[in-house]
């Protein structure tokens, strides 16, 4: 579905990302984790075309339209209502206004936002805005979902609920996903493969971890699976090898 | 009564009324010289006579025409040049130094030059109002586009939007908020341009009448005209605010209960 080969990013002499290879097979959930500043988000921006790589290749099975990008911030147009925001992508793809809006309403209902379509983003809570942002992407029926820490700004309860809902949707629709996250537990809970980036600059893929926990998954039950804890421990060990172990002495 | 007093406009009106009453009392008992500061009742009598005799109408028409024409042309030029400079680097190179220079100086000093170039009739007043408004709006648009939320641009681009979609969905609405935020100041600037232009050289207009009142030491007429200009500017402010609220309803609409 998606193959990134020998990707180099950055404008200075020392690139942020230097020679990254990763693959998202059709219908698989892949996560990319790594230390802060290792270039995780930049890799995602290069895949979406928002950033021009210095070298390397991004191959998408299908055109750019078959992928949907979910940002860390909900990035909704503040002057458009929830339903107009959801309909925006369809309108860009030349759908008639009435069909785009009725499709948007259907998606908002599906995501539990019935009756909220006429509200502007500032009239919605953080969780509701995030649902609108998800609807804005899913309404375009993407085959590949690219997500940059989409739920990082939400509280734990809303975050867990939304992660479960999105995971169920991805599994039912057999979507391919590339998730960028700093949360190692979240990555292992939802993914089939987790890639760990090394410390930047000149970050590369340090290791890939196969997560063979059966699907469909429950975000809470998955963490109790026997293979989960050893994988998480290994991932933390490798992460600490990159950034150094946590300090024992109290901070002064 | 308490509810009535809670309203902002009621409290403001009462405060102004109180000041007027104090002024009237001090002026009548001779504490302040009525030659320099005639009582509000005298100022009001002059304003009423200006309207009842119909003398004011030709002056009002002249000032309003200059201010409104200056406002409209200034808005149009400011928006067009602001967009062009923000989107085309060559235009920015050409325009930015001129606009910065015009922004740095008190632009009313151009009034005598416009009189020399365009004569003492309406065009020179319109030109001054245009320069005052256009520079203000130029920077509102220019900065509005430069400060556009990059996340929204990226969002629309990842949804497949090109240059025209970005302009329609992101840049124009974003800039509209900036321009409308400056609209009330622009209304004030347009009136300033018209009045100062008439003050320098004119045959009619509120500024011309103000110049006449000052040269004849007629404090009642001077104050009456000042209050009249204030009233009209406030009226236009209210109009500008209503336009702002209508076009920026997404910003002003009260938030309902937010659920989790």
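The values are calculated or read from the model by the stated rules, or taken from the named source; none is laboratory data. A quick note: this is a predicted structure, and the numbers were derived from the prediction, not measured. Please note: Cβ atoms are built from the backbone with ideal geometry, for glycine as well, and neighbour counts cover all protein chains shown.
Numbers at a glance
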{"quantity": "Members of the stretch B:214-246 found to be within 14 Å of chain A (Cβ to nearest Cβ) and under 15 Å from the mean Cα position of the chain (by Cα), listed by number", "calculated": "B:244"}
{"quantity": "Whichever residue in the stretch A:1-12 is part of a strand (DSSP E or B) and touching a helix residue (DSSP H, G or I) at 6+ places or on another chain (Cβ under 9 Å) and, among such residues, is nearest to residue A:201 (Cα to Cα)", "calculated": "A:9"}
{"quantity": "Strands (runs of 3 or more DSSP E) within the stretch A:24-99 that include 2 or more residues more than 10 Å from chain B (Cβ to nearest Cβ)", "calculated": "A:29-33, A:55-60"}
{"quantity": "Single unsatisfied condition, residue A:104 versus (1) in a helix (DSSP H, G or I); (2) within 11 Å of another protein chain (Cβ to nearest Cβ)", "calculated": "(2)"}
{"quantity": "Test result for residue B:164, part of a helix (DSSP H, G or I) and either within 14 Å of another protein chain (Cβ to nearest Cβ) or touching a helix residue (DSSP H, G or I) at 6+ places or on another chain (Cβ under 8 Å) (or both)", "calculated": "yes"}
{"quantity": "Near pairs, Cβ below 7 angstrom, 6+ apart or cross-chain, from the stretch B:247-260 (facing chain A (nearest Cβ under 7 Å)) to any residue that is at pLDDT 55 or above and part of a loop (DSSP other than H, G, I, E, B)", "calculated": "B:250/A:78; B:250/A:79; B:250/A:120; B:253/A:120; B:258/A:124; B:258/A:125; B:259/A:125; B:260/A:125"}
{"quantity": "Given (1) surrounded by 19 or more Cβ atoms within 10 Å (Cβ to Cβ); (2) within 14 Å of chain B (Cβ to nearest Cβ); (3) not in a strand (DSSP E or B), number of the condition residue A:15 does not satisfy", "calculated": "(2)"}
{"quantity": "Output for the stretch A:107-127, where each listed residue is within 12 Å of residue A:83 (Cα to Cα), at the interface with another protein chain (Cβ under 9 Å from one of its Cβ atoms) and part of a helix (DSSP H, G or I)", "calculated": "A:121"}
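Conditions (1) closer than 17 Å to residue B:74 by Cβ; (2) more than 14 Å from chain A (Cβ to nearest Cβ); (3) touching a strand residue (DSSP E or B) at 6+ places or on another chain (Cβ under 9 Å); (4) part of a helix (DSSP H, G or I), marked per residue:
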position: B:131; (1), (2), (3), (4): yes, yes, no, yes
position: B:141; (1), (2), (3), (4): yes, yes, no, yes
position: B:174; (1), (2), (3), (4): no, no, no, yes
position: B:179; (1), (2), (3), (4): yes, no, no, yes
position: B:187; (1), (2), (3), (4): yes, yes, no, yes
position: B:192; (1), (2), (3), (4): yes, yes, no, yes
position: B:199; (1), (2), (3), (4): no, yes, no, yes
position: B:207; (1), (2), (3), (4): no, yes, no, yes
position: B:212; (1), (2), (3), (4): no, yes, no, yes
